[in-house]
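Colleague: This structure is in structure tokens; I'll ask about it shortly.
The values are calculated or read from the model by the stated rules, or taken from the named source; none is laboratory data. Owing to the predicted nature of the structure, the values given are computational and were not obtained by experimental measurement. Here the Cβ is made from the backbone with ideal geometry for all residues, glycine too, and neighbour counts use every protein chain on show.
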Amino acid sequence: MKEGSLFGIIRYDSKAFYIAVAIHVVILLVLIISVSLSPRPDAPQKQVETVQAVIVDSQIVQAELDKIKKHEATKKYNEKQRLKRLAAKARKEEKKRKQAIKNRKLEEKRLANLKKKRLADEKIRKIESKKLADLKKKNQQLEQQRQAEQQRLSVLQKKREQEELARENAKKAEVDRVRRAAEAKALKKKLAEEERERYLNSSKMKKLRSQYVKLIERHVEKKWIKPASSSKGMSCVVNITQNRAGTVLSVNTGQCSGNKAFQLSVERAVRRASPLPDPPSNDVFDRTIRFVFKP
Amino acid sequence: MKQVLIIASLLLFGWSLSAQAVLDVEITQGTEDALPIAIVPFNWASVEKKPDMKWSEVISSDLLRSGRFAPIAEKDLLSRPQNSENIDFNTWRVGGVDHLVVGSIRPAGLNQYTVQFQLFDVFKGEQLLGYSLTANLSSIRRTAHHISDLIYQQLTGQKGAFNTKVAYVSVTRSLGVASYKLEVSDADGFNSITILTSTQPIMSPSWSPDGTQLAYVSFENKRAQIYTQVLSSEQRVRVSGFKGLNGAPVWSPDGKKLAMTLSKDGNPDIYVLNLQSKKLQRMTKHWGIDTEPSWMPNSETLVFTSNRSGKPQLYKMDKAGQRPQRLTFDGDYNTSPEISKDGLKMAFVFKDKSGFKIASMDFETGIIDILTEGPLDESPSFAPNGSMILYAEGQRAALAAVSFDGRFKQRLVAKEGEVREPTWSPFLK
């Protein structure tokens, strides 16, 4: 977000920014002026020398000649050196000039670039600010959407709560209904049982039941082999279950006084007695019979 | 709260209803039928020679004799399982057998055997007894009787008396010379041994309550005298040699006294000899004949035979011997009283027009049961558990036993000559 921060600065401190830009421009101008004011190198000056020839004794001449020659050579050398130096100086000047031109061109290019960049920056800034505006707009839209959604949800929640309440009420009602039904059923059953009890307690039924008991009693007495040790005062309770055919299904000994042989004998008696006699009426049949053996 | 109440009332209601719905049947009467039982022949689990005794026969015969059991004859056995795994209880149940005994014997050293047996309740399909016993060759019959005792006790609740002894007098005559023997045998008449032999009469043997001694009357000195004899050592003591009759010795249940009949003071009366102090106490003093004393369990009170009413009848005296109370009023001849060990019953000889019979009287009810047919039955003696009465069949000269209720009679081993005055031992240790 470099750009962002730049634009941030522009946005929040535009004065500083413009001061900075102005300073840059001043510096730039100073630089340009200084370059254009520097001295231009002078054009090289051509020097032409006249030779003066004199003949002398050969030897002397020669010597003179040599001397002249030597002097000539030295002179020549020096001239050459001086020319060389001049050439070097000229080259240097030329180079300096070229460098100045180059620098100026660079500076121009840099300025052009700067300008170009400024334009580009300006363009970017505009785009950015537009983007920012768009973003802001979009955020507003999102916020609106969010609020709309929230509202929708709260409506939904309310609806759900109402439904839940309705369901609970229905459930309660059902439980109530079942309970009432059970109570009604229990009452009905109780009444039916009372009715049946009345029936079973009727004198006719009592007579039938005592007949049945007598039948069983006689039958079991025939099957009970009293052990030698059985005596008055002993007693043994044996509970049995039978099926409709009189078959003894289970034998459970309850309270039993007397010895083991006595207990075994009564258990054996009820097992030996299977199947037990048929009841005189279906209504007096009972799956459970409680025997009390009392010799 | 309301619901709790409803549930509670329903529960209570249901409970009271079901409590009422149970059929209540009270059983006060039963039968005295014999218990059907099958004794499967014991398996001999060895290649060695089998000892010559059929265990199942000895046990069956014991149980049969008691009158309490109806053992299935060996030939009628439905199957012969040798151990519990092979038993099909249902088959036996259908066959009407209530109990089943299986067993096996195997050698366990020289003349030693290990006997195992199990008693099963067929209806329950359960083992009621299971024992492993050791026997040696000379005691195998006793071991078999012991097994009978264990079975008997388990199923009747009463101690078995098969592994006990009987003493009696046998008389043989050859070439006009009588030989009297005092013998002791197993309760089934087997394994008899002779305690005393005499050319003169031996009478009235009586066991000491610990079963180690016999008291008896011997005429070896040409007149009746009373002796006691230790069975193991044959050591004899003459305890009574008064002039006149010395007869009918009977050991008191506490073993301290001997009741007897003496005529030293004129006619026969009942006396009690204290065996420790040797003091003699006269118990009856009457012009009639008083004899055959028998002790009540308290070792104080005696029942005896007396003809003081003109005919022999049974009387019971109090501790001091005062005011004897007549016990028998039926018939004109009641003799030889013997009181059961629990003191609730009395066996005696009852005579009616068809002869002398063994009868019993229940002291509580006074009811008399005639147990045998006669015509010459004598000397009743209770088994120590009261379940049987041993007596002599005078006509056949045999030892016989009758169950206490007369339902089952069996002659024991028949003897050469006569058998007189059998008497059953107490329980032996």
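Colleague: Say whether the condition of being assigned by TED's automatic domain parsing to the domain that holds B:PRO337, surrounded by 15 or more Cβ atoms within 10 Å (Cβ to Cβ), at pLDDT 95 or above and under 24 Å from B:LEU412 (Cα atoms) is met by at least one residue in the stretch B:216-235.
Modeller: Yes, the conditions are met somewhere in the stretch B:216-235.
Colleague: Name the residues in the stretch B:387-429 that are in a strand (DSSP E or B) and among the hydroxyl-bearing types (Ser, Thr, Tyr), would you?
Modeller: B:TYR391, B:SER403, B:THR423, listed by residue number.
Colleague: Going by the structure shown, is A:ILE240 in contact with a Leu (Cβ under 6 Å, 6 or more places away or on another chain) and either away from every other protein chain (no Cβ under 11 Å) or of a type outside the set (S, T, N, Q) (or both)?
Modeller: Answer is no for this residue.
Colleague: Within the stretch B:361-410, work out how many residues are among the basic types (Lys, Arg) and farther than 21 Å from B:SER204 by Cα.
Modeller: So the answer is 2.
Colleague: Going through the stretch B:52-98 one residue at a time, which ones are within 14 Å of chain A (Cβ to nearest Cβ) and among the small types (Gly, Ala, Ser)?
Modeller: Scanning the stretch B:52-98 gives B:SER66, B:GLY67, B:ALA70, B:GLY95, B:GLY96.
Colleague: While we're here: Being among the charged types (D, E, K, R) and closer than 30 Å to B:GLU26 by Cβ is the filter here, so list the residues in the stretch A:153-212 that pass it.
Modeller: Once the filter is applied, which keeps residues that are among the charged types (D, E, K, R) and closer than 30 Å to B:GLU26 by Cβ, the stretch A:153-212 yields A:GLU193, A:GLU194, A:GLU195, A:ARG196, A:GLU197, A:ARG198, A:LYS204, A:LYS206, A:LYS207, A:ARG209.
Colleague: Here's a follow-up. Applying the selection to the stretch B:19-51, what residues are buried (at least 20 other Cβ atoms within 10 Å of the Cβ) and either away from every other protein chain (no Cβ under 14 Å) or not in a strand (DSSP E or B) (or both)?
Modeller: Residues satisfying the conditions are B:GLY30, B:ALA38, B:ILE39, B:VAL40, B:PHE42.
Colleague: Under 6 Å by Cβ, and 6 or more places apart or on different chains, what pairs join a residue from the stretch A:233-253 that is under 14 Å from A:VAL292 (Cβ atoms) with one that is among the hydroxyl-bearing types (Ser, Thr, Tyr) and assigned to a strand (DSSP E or B)?
Modeller: Once the first residue is under 14 Å from A:VAL292 (Cβ atoms) and sits in the stretch A:233-253, its partners that are among the hydroxyl-bearing types (Ser, Thr, Tyr) and assigned to a strand (DSSP E or B) give A:VAL238/A:THR253.
Colleague: Regarding the stretch A:257-274, can at least one residue be identified that is free of Cβ contacts under 8 Å to residues at least 12 places away in the same chain, of a type in the set (Lys, Arg), in contact with a helix residue (DSSP H, G or I) (Cβ under 9 Å, 6 or more places away or on another chain) and at the interface with another protein chain (Cβ under 10 Å from one of its Cβ atoms)?
Modeller: yes
Colleague: Ok, one more. Would you confirm whether any residue within the stretch B:73-95 is farther than 30 Å from A:VAL213 by Cβ, touching a Gly at 6+ places or on another chain (Cβ under 7 Å) and not aromatic (Phe, Trp, Tyr)?
Modeller: yes
Colleague: Taking the condition of being on the phi < 0 side of the Ramachandran plot, surrounded by fewer than 22 Cβ atoms within 10 Å (Cβ to Cβ) and within 12 Å of another protein chain (Cβ to nearest Cβ), how many residues in the stretch B:120-144 meet it?
Modeller: Within the stretch B:120-144, residues that are on the phi < 0 side of the Ramachandran plot, surrounded by fewer than 22 Cβ atoms within 10 Å (Cβ to Cβ) and within 12 Å of another protein chain (Cβ to nearest Cβ) number 5.
Listed here are the residues, each with its yes/no results for (1) over 30 Å from A:ILE32 (Cβ atoms); (2) touching a residue at least 24 places away in the same chain (Cβ under 8 Å).
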residue	(1), (2)
A:ILE68	yes, no
A:THR74	yes, no
A:LYS105	no, no
A:LYS115	no, no
A:GLU122	no, no
A:GLU128	yes, yes
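Colleague: Okay, next question. Return the residue satisfying two criteria in turn: it lies in the stretch A:190-235 and is part of a helix (DSSP H, G or I), hydroxyl-bearing (Ser, Thr, Tyr) and more than 11 Å from every other protein chain (Cβ to nearest Cβ), and of such residues it is surrounded by the most Cβ atoms within 10 Å (Cβ to Cβ).
Modeller: A:TYR199
Colleague: Take A:VAL270 and decide whether it is β-branched (Val, Ile, Thr) and farther than 23 Å from B:ASP33 by Cα.
Modeller: Criteria not met by A:VAL270.
Colleague: Still on this structure, please answer the following. Just need a number here: residues in the stretch B:67-86 that are of a type in the set (Gly, Ala, Ser), closer than 23 Å to B:HIS145 by Cβ and out of contact with any strand residue (DSSP E or B) (no Cβ under 6 Å at 6 or more places or on another chain).
Modeller: 1
Colleague: Would you confirm, using the coordinates I've provided, whether B:GLY189 is under 25 Å from B:ILE339 (Cα atoms), surrounded by 17 or more Cβ atoms within 10 Å (Cβ to Cβ) and in contact with a helix residue (DSSP H, G or I) (Cβ under 7 Å, 6 or more places away or on another chain)?
Modeller: So B:GLY189 fails the test.
Colleague: Taking B:LEU390 as the residue in question, decide whether it is of a type in the set (A, V, I, L, M) and without any contact (Cβ under 8 Å) to a residue 40 or more places away in the chain.
Modeller: no
Colleague: Take the residues of the stretch B:242-279 that are among the small types (Gly, Ala, Ser) and surrounded by 13 or more Cβ atoms within 10 Å (Cβ to Cβ): which is farthest from B:LEU302 (Cα to Cα)?
Modeller: Out of the qualifying residues, it is B:GLY244.
Colleague: Would you check if B:PHE117 is among the aromatic types (Phe, Trp, Tyr) and in a loop (DSSP other than H, G, I, E, B)?
Modeller: In short, no.
Colleague: Got at least one residue in the stretch B:124-146 being at pLDDT 90 or above, over 25 Å from the mean Cα position of the chain (by Cα), of a type in the set (A, V, I, L, M, F, W, C) and more than 19 Å from B:PHE162 (Cβ to Cβ)?
Modeller: No, there is no match, as no residue in the stretch B:124-146 is at pLDDT 90 or above, over 25 Å from the mean Cα position of the chain (by Cα), of a type in the set (A, V, I, L, M, F, W, C) and more than 19 Å from B:PHE162 (Cβ to Cβ).
Colleague: Okay, next question. Can you report the number of residues in the stretch B:145-167 which are facing another protein chain (nearest Cβ under 9 Å) and free of Cβ contacts under 8 Å to residues at least 40 places away in the same chain?
Modeller: Count: 3.
Colleague: Follow-up. Checking B:THR305 against (1) touching a residue at least 24 places away in the same chain (Cβ under 8 Å); (2) at positive phi, which single condition isn't satisfied?
Modeller: Of the numbered conditions (1) touching a residue at least 24 places away in the same chain (Cβ under 8 Å); (2) at positive phi, the odd one out for B:THR305 is (2).
Colleague: Of all residues in the stretch A:236-295, how many are exposed (fewer than 14 other Cβ atoms within 10 Å of the Cβ), assigned to a strand (DSSP E or B) and either in contact with an Asp or Glu (Cβ under 6 Å, 6 or more places away or on another chain) or among the aliphatic types (A, V, I, L, M) (or both)?
Modeller: 1
Table: residues versus (1) under 16 Å from B:ILE339 (Cα atoms); (2) among the hydrophobic types (A, V, I, L, M, F, W, C).
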position	(1), (2)
B:LEU231	no, yes
B:GLY241	no, no
B:TRP251	yes, yes
B:ASP265	no, no
B:LYS279	no, no
B:PHE304	yes, yes
B:PRO312	no, no
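Colleague: Moving on to the next point. Which of the residues belonging to the stretch A:275-289 are at the interface with chain B (Cβ under 10 Å from one of its Cβ atoms) and farther than 15 Å from A:ARG218 by Cα?
Modeller: Passing the criteria: A:VAL284, A:PHE285, A:ASP286, A:ARG287, A:THR288.
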